[in-house]
1. Can you tell me which residue within region A:130-161, out of those that are of a type in the set (Gly, Ala, Ser) and in contact (Cβ under 8 Å) with a residue 12 or more places away in the chain, is nearest to DNA strand B (Cβ to nearest atom)?
2. State which residue is farthest from DNA strand B (Cβ to nearest atom) when the search covers only region A:190-208 and only residues that are more than 13 Å from A:SER149 (Cα to Cα) and under 22 Å from the mean Cα position of the chain (by Cα).
3. Could you tell me which numbered condition A:SER235 fails, if it satisfies all but one of (1) buried (at least 16 other Cβ atoms within 10 Å of the Cβ); (2) in contact with an Asp or Glu (Cβ under 8 Å, 6 or more places away or on another chain)?
4. Can you tell me which residue in region A:182-195 is nearest to DNA strand C (Cβ to nearest atom), limited to those that are charged (D, E, K, R) and farther than 16 Å from A:ARG258 by Cα?
5. Could you check region A:70-97 and list, in sequence order, the residues that are more than 22 Å from the chain's Cα centre (by Cα) and within 16 Å of DNA strand C (Cβ to nearest atom)?
6. Identify, by number, the condition in (1) within 25 Å of A:ASN232 (Cα to Cα); (2) surrounded by fewer than 21 Cβ atoms within 10 Å (Cβ to Cβ) that A:VAL47 doesn't meet.
7. Under 6 Å between Cβ atoms, at least 6 apart or on separate chains: pull out the pairs that start in region A:1-30 with a residue that is touching a residue at least 24 places away in the same chain (Cβ under 8 Å) and end on any residue that is within 16 Å of DNA strand B (Cβ to nearest atom) and part of a strand (DSSP E or B).
8. Based on what the data block shows, is A:SER221 part of a loop (DSSP other than H, G, I, E, B) and within 16 Å of DNA strand B (Cβ to nearest atom)?
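None of the figures in this text is laboratory data; all of them are computed from the coordinates on show. This structure is a prediction, so every number in the text was calculated from the model and none was measured. Note: ideal-geometry Cβ built from the backbone for every residue, glycine included; neighbour counts use all protein chains shown.
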Amino acid sequence: MPELPEVETVARMIRPSLVGRTITSCSVTWKRTLGGSEIAAFRRNVVGARVVSVERRAKYIVIALERARASCGALVCHLRMTGRMHVERADWDPGKFAKVRLDLDSGRAFHFIDVRKFGRVEFTREPHELLAELGPEPLGADFTDEWFSTALRARRRVLKSLLLDQAFLAGLGNIYVDESLHRARLHPLQLSDRMTREQAAVLRREIRAVLSEAIAREGSSFDAFYRTPEGNPGSFQDQFQVYGRTAEPCRSCATPIRRLVVGQRGTHVCPQCQPAPRRRRSSAQG
DNA sequence: AGCTACTCCTGGTAGC
DNA sequence: TGCTACCAGGAGTAGC
């Protein structure tokens, strides 16, 4: 589903047609997409505002707005599972899953389309408050070996669950966690406080590599859902080592990929490349 | 502190 | 063909 590389791709593609544009009108066909605000209030907040910037933070797209050259808030958007964004000519038909439409002074219109209705396009005056709980960006300068190693060992968490925790590290989802762990030859059930500094450094390197490669390929598309704002699929799914490859041979050692469930998430491992952590009694720890 | 279960949603698919 | 049942999952929340 859309994770950091897909969200980054969407942000890059919609940015040129949004920045500098003024929102002239809007329509909303699913109120919950707005995340709690009334449609009338949303309309008052966005119509007449001008887009200053389009940035990605974790899996959020933040569309900053201004009025009379003064900041007036932002649209904080999340694609969740099936959200899509398009900026198209005014007569373009967004289809039956359209949720939010923002008409622009360019004559084009921004569309938020979402089959499963989990996605959000939320207006807030203080976007930083909404995003305050997020951990560091995996591709950012704050994500250092030193920080990662210390932070992993300061907690006693199942490794995969911790990497999915957006308050710990912001931007990874199910796919890229599975891929990163395989590349780092780490098992998803490994406990975070048992990680060596060397293992942490390898994992950090592989997380950054897999995300960078996926961004270069405009993300991953393997079902009907994720498409770039230009309507094209990404191509990183061709590079998957484990995700969605249950029972298929590992590309490194030919052992069949195994599927397990970790924290209610489908999880894919190579039992040979990613040996299971040694089980031990909790009372046996000194 | 960290875990599980549940919620929100619907298209796709397996089984009959 | 058409039905039912179940699966996928990001994030928030409740409860242990």
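1. The first filter runs over region A:130-161 and keeps only residues of a type in the set (Gly, Ala, Ser), leaving A:132, A:135, A:140-141, A:149, A:151, A:154, A:161.
Within this subset, residues satisfying the condition of being in contact (Cβ under 8 Å) with a residue 12 or more places away in the chain are A:135, A:149, A:151, A:154, A:161.
Numbers: A:GLY135: 13, A:SER149: 15, A:ALA151: 10, A:ALA154: 8, A:SER161: 5 Å.
The extreme case among them is A:SER161.
2. A:ARG208
3. In the conditions (1) buried (at least 16 other Cβ atoms within 10 Å of the Cβ); (2) in contact with an Asp or Glu (Cβ under 8 Å, 6 or more places away or on another chain), A:SER235 misses (1) alone.
4. Just the residues of region A:182-195 that are charged (D, E, K, R), to begin with: A:183, A:185, A:193-194.
Filter once more, keeping what is farther than 16 Å from A:ARG258 by Cα: A:193-194.
Numbers: A:ASP193: 20, A:ARG194: 23 Å.
Checked region A:182-195; the qualifying residue nearest to DNA strand C (Cβ to nearest atom) is A:ASP193.
5. Hits for region A:70-97: nothing passes.
6. All conditions are met except number (1).
7. Note: pairs meeting the criteria are A:VAL28/A:VAL100; A:THR29/A:LYS99; A:TRP30/A:LYS99.
8. Working: part of a loop (DSSP other than H, G, I, E, B): yes; within 16 Å of DNA strand B (Cβ to nearest atom): yes.
When the stated conditions are applied, A:SER221 passes them.
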